[in-house]
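Taking it in order: structure first as structure tokens, then the write-up.
The values are calculated or read from the model by the stated rules, or taken from the named source; none is laboratory data. Treat the numbers as computed from the prediction; the structure is a model and nothing was measured. A quick note on method: Cβ atoms are made from the backbone with ideal geometry, for glycine too, and the neighbour counts reach across all protein chains shown.
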Amino acid sequence: MLPRFINPGSVIFATRRTSERRYFFRPDKVTNQGILYCLGLALQNCPGIRLFVAMFMSNHSHLVYEDENGEAPKFTMELNRNIAKFMNCHLKRKENVWSNDKASLPELGDSNDTIMKIVYTVLNPVKAGLVPLPTRWPGVKLLPTDIDKEIVVERPEKFFRKKNSKLPEKVTIKLCVPKDYGNTVEGKYNYLAKYKERLDSELAIIMAERKPGDRWLGVEKIKKVSPFSSPKTDSPLWRLKPNFLSAEKPKRIEMWKKWKSFQIYYRIAFDEFRNGNRDVEFPLGTYKMRLQQNVRVTLEHVIYEISPPFE
């Protein structure tokens, strides 16, 4: 198995689906509060995660965030573990909540790719024919237009201990502006303008593709769906899980070279370490060996001159 390349400062498009695509996250007050609390708790414990958007559909989740310090695996583990425990308590069950497939955490190429995936995330319930606008989705949703809000979530009564709990009674979630737009009022305005432009364009395409007579499922029916049911459509047995995503081929080539160079450098360093050299430097992006063995890590990426297989 190849080591996962955890690139500090990268923007991540995180996706995870439930076991057998069951509707465990079907929206209701308790479910929404529990998921939001788990999200706020994971953000609190991983301060280097800068969240841009989050959407929890009934059977899968999408998040887009910047991973400043290379904490994506820790953040993913804490978030998904707590959600799974909470939902099992809420639904009175014991088996897996999440699919056995590992979480998909591809790195995004640039600011345009970030906007594209943010809009994709926001429009998920509309694309699925559930509601005509993303704001009408009754489940957990944190949209770019919430950027000026501080979302305070109280600790749920279910699963979490009421007395002598080490967990905070409340957590606060605050969305961020991607760094490409700067930390200014003008930057925030430009970000929201770019987001709205792309959102309106994609929403128009979805509406144009709808056939006469197509109806939205609607909030009432969404809430009445059994959390133990699943879609009638088949899911592909095999699905590609890319390590990086970009709409531009030159950027994909650049990202592939960085990823491939990491794999080459890591294998050389790992073999050296296994042979007794405890001073060997591992490439920037090393995660597990850095945490478990406290190995030295390079301060910059080492890029080899290699040609990608898709040129």
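Taken over segment 245-281, the criterion of being over 18 Å from Gly9 (Cα atoms) and touching a helix residue (DSSP H, G or I) at 6+ places or on another chain (Cβ under 7 Å) is satisfied by Ala247, Val280, Glu281.
Okay, residues lined up against (1) touching a Phe, Trp or Tyr at 6+ places or on another chain (Cβ under 9 Å); (2) surrounded by 12 or more Cβ atoms within 10 Å (Cβ to Cβ); (3) among the aromatic types (Phe, Trp, Tyr):
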{"residue": "Ala128", "(1), (2), (3)": "no, yes, no"}
{"residue": "Arg136", "(1), (2), (3)": "yes, yes, no"}
{"residue": "Lys141", "(1), (2), (3)": "yes, yes, no"}
{"residue": "Thr145", "(1), (2), (3)": "yes, yes, no"}
{"residue": "Pro156", "(1), (2), (3)": "yes, yes, no"}
{"residue": "Phe160", "(1), (2), (3)": "yes, yes, yes"}
{"residue": "Glu169", "(1), (2), (3)": "no, no, no"}
{"residue": "Thr172", "(1), (2), (3)": "no, yes, no"}
{"residue": "Cys176", "(1), (2), (3)": "yes, yes, no"}
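Tallying residues that are in contact (Cβ under 8 Å) with a residue 40 or more places away in the chain, outside the structural domain of Lys224 (by TED's automatic domain parsing) and under 19 Å from Asn100 (Cβ atoms) within segment 1-57 yields 2. With a requirement of 1 or more residues that are charged (D, E, K, R), surrounded by 12 or more Cβ atoms within 10 Å (Cβ to Cβ) and in contact with an Asp or Glu (Cβ under 8 Å, 6 or more places away or on another chain), the helices (runs of 4 or more DSSP H) lying completely within segment 181-295 that satisfy it span 219-224, 249-274. When you scan segment 121-171, how many residues do you find that are β-branched (Val, Ile, Thr), under 30 Å from Arg215 (Cβ atoms), out of contact with any strand residue (DSSP E or B) (no Cβ under 6 Å at 6 or more places or on another chain) and part of a loop (DSSP other than H, G, I, E, B)? The qualifying residues number 1. What about Ser261, is it in the same structural domain as Tyr23 (by TED's automatic domain parsing), hydroxyl-bearing (Ser, Thr, Tyr), modelled with pLDDT of 95 or more and out of contact with any strand residue (DSSP E or B) (no Cβ under 9 Å at 6 or more places or on another chain)? In short, no. Sort out which residues of segment 296-311 are over 27 Å from the mean Cα position of the chain (by Cα), of a type outside the set (A, V, I, L, M), surrounded by 10 or more Cβ atoms within 10 Å (Cβ to Cβ) and farther than 15 Å from Tyr266 by Cα, and write them in order of number. The one that is over 27 Å from the mean Cα position of the chain (by Cα), of a type outside the set (A, V, I, L, M), surrounded by 10 or more Cβ atoms within 10 Å (Cβ to Cβ) and farther than 15 Å from Tyr266 by Cα: Ser307. Scanning segment 112-126 for residues that are surrounded by fewer than 21 Cβ atoms within 10 Å (Cβ to Cβ) and in contact with a His (Cβ under 7 Å, 6 or more places away or on another chain) returns a single hit, Asn124.
Of the residues making up segment 122-161, those that are within 26 Å of Lys85 (Cα to Cα) and basic (Lys, Arg) number 4.
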